[in-house]
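Encoded as structure tokens, the structure appears first; notes follow it.
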Amino acid sequence: MELIAAAIQLTSTGDISANLAACMQQVETAADRGANFITLPENWSFLGDEQQKLHLAGEIDARSRDWLLSTAADFGVYLLGGGHAVPSGTPGKVFNQSLLASPGGQVLASYNKIHLFDVDLSTGQQFRESNTVMAGEDPITARIGDTVIGLTICYDLRFPELYRRLANAGAQVLCIPSAFTLHTGKDHWHALLRARAIENQCYVIAAAQYGRHNASRVSYGHALIVDPWGTVVAEASDGAGAAVAPLNLALVSSVRDQLPCLKHQRMNVL
């Protein structure tokens with residue numbers, strides 16, 4: 001089957017109901033544009049206070065999962081929720097989990113974010129994702145028909161060894177749903193996404209959070225799709241919206257035949 005991908009751009013907040021309504025609007029619009037593989041950004045169903053996230057983790061997980069599966073079935077699309085809080089079983093910790101739903105309303109794959117965003121920016125902002133999130137351990141691929149999808153989340157983008165492992169596992173498409181900060185995004189977002197596409201000769205689909213979520217959190221936006229040659233083939237403008245483009249898997253094969261880098265590896269990726 002031909003996949004037409006959509007990378008959704010949102011401005012999520014701490015209001016779950018409002019976020020789900022905004023997601024519904026964008027999924028419907030993307031489906032109307034012909035998309036049958038629709039991806040939502042990190043924190044799509046809740047982006048608010050960290051302690052509130054812990055308190056609401058069970059509700060966030062239940063509502064996110066139910067909405068994702070029912071919406072995929074209603075629209076008959078593959079739908080990726082790019083990361084939401086899931087109780088981990090460890091007190092004070094959740095997983096940041098991405099779920100891929102089938103058009104039949106079933107979970108095809110789940111991925112727990114491996115690399116956690118613990119940084120001190122020059123702007124004075126501090127992020128300590130590990131305070132409330134437990135790191136995942138396993139790289140995950142999923143199959144949509146004959147297409148192999150690699151699942152990652154946001155800060156994973158800065159760790160190329162993960163993407164090479166996914167490419168070596170057969171991935172032709174890399175999903176990187178994100179909530180990139182404005183400060184880092186303006187300098188690194190496009191460069192890193194294009195690099196991951198070029199070095200792994202894969203499509204990259206990067207749904208994104210955009211704009212101000214609360215008094216202390218602003219995201220860069222620029223949801224986009226990059227082809228395996230490194231060309232940005234679709235990009236969202238400011239505000240809510242989507243980047244939509246067909247995925248030409250023959251191009252993946254052609255690029256890999258022209259430049260057989262993946263066959264020339266001499267170092268193991270641990």
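Readers should treat all values here as calculations from the given coordinates under stated rules, not as data from a laboratory. Just so it is clear, the model here is predicted, and its values are computed rather than measured. Heads up, the Cβs are rebuilt from the backbone with ideal geometry, glycines too, and the neighbour counts pull from every protein chain shown.
Hey, what does the equivalent ellipsoid look like for segment 207-266, semi-axes from the Cα gyration tensor as sqrt of 5 times each eigenvalue, largest first, whole Å? Working shown, then result.
Details: eigenvalues 216, 43, 9 Å².
So the equivalent ellipsoid measures 33, 15, 7 Å along its semi-axes.
Compared with the alpha-carbon gap, the fully stretched path from Arg33 to Ala191 is longer by 54.1 nm at 0.36 nm per residue.
Beta carbons within 10 angstrom, averaged per residue: use that to sort the peptides 56-64, 178-186, highest first. Present the calculation step by step, with values, prior to reporting the outcome.
Values: 56-64: 18.0, 178-186: 20.9.
Ranked by mean Cβ neighbours within 10 Å, highest first: 178-186, 56-64.
Relative to the longest principal axis of the Cα atoms of the chain, the long axis of helix 57-75 lies at roughly 50 degrees.
Taking 0.36 nm per residue of sequence separation and removing the Cα-Cα distance, the Gln258/Asp238 pair yields an extension gain of 3.6 nm.
Rounding to the nearest 10 and keeping the result within 0 to 90°, find how far the Cα-based axis of helix 249-258 lies from the longest principal axis of the chain. The helix 249-258 is inclined about 50 degrees to the chain.
Please state the shape class of segment 85-209: rounded when a/c is under 1.5, otherwise prolate if a/b exceeds b/c and oblate if not, all from the C-alpha gyration tensor. It is oblate, given that a/c is not under 1.5 and a/b is not larger than b/c. For a straight C-alpha distance cut-off of 26 angstrom, the lysines reachable from Lys93 (same-chain residues fewer than eight places away being disregarded) are Lys53, Lys113.
Report, for segment 3-263, the % of DSSP beta bridges that are antiparallel, rounded to 5. Write down the numbers at each step before the final one.
Numbers: 38 of 54 bridges.
Of the beta bridges lying entirely in segment 3-263, close to 70 percent run antiparallel.
With the cut-off at 1.5 for a/c, could you classify segment 94-147 from its C-alpha gyration tensor as rounded, prolate or oblate? It is prolate, given that a/c is not under 1.5 and a/b is the larger ratio. Evaluate E = 1/(1 + (r/R0)^6) for Gln265 and Ala135, where r is the Cβ-Cβ distance and R0 equals 22 Å; express this FRET efficiency to the nearest 0.05. My answer for the efficiency is 0.25. The chymotrypsin sites (Phe, Trp or Tyr not before Pro) of segment 1-107 include none that meets both conditions, a loop assignment by DSSP and at most 11 other Cβ atoms within 10 Å of the site Cβ. With neighbour counts taken as other beta-carbon atoms within 10 Å, the residues Asp15, Asp120 rank, fewest first, as Asp120, Asp15. For the chain, take every pair of Cα atoms, bin their distances at 5 Å starting from 0, and report each bin as a whole percent. Taking all Cα pairs of the chain, the binned fractions are 1, 6, 14, 19, 21, 17, 12, 6, 3, 1, 0 percent. By the scheme Lys and Arg +1, Asp and Glu -1, what is the net charge of all other residues having a beta-carbon under 15 Å from that of Gly170? Neighbour charge sum, excluding Gly170 itself: +4.
On full extension, the segment bounded by Asp66 and Gln51 gains 3.1 nm, given 0.36 nm per residue less the C-alpha separation. Scoring 207-219, 255-267 by mean Cβ neighbours within 10 Å over their residues and listing the highest first yields 207-219, 255-267.
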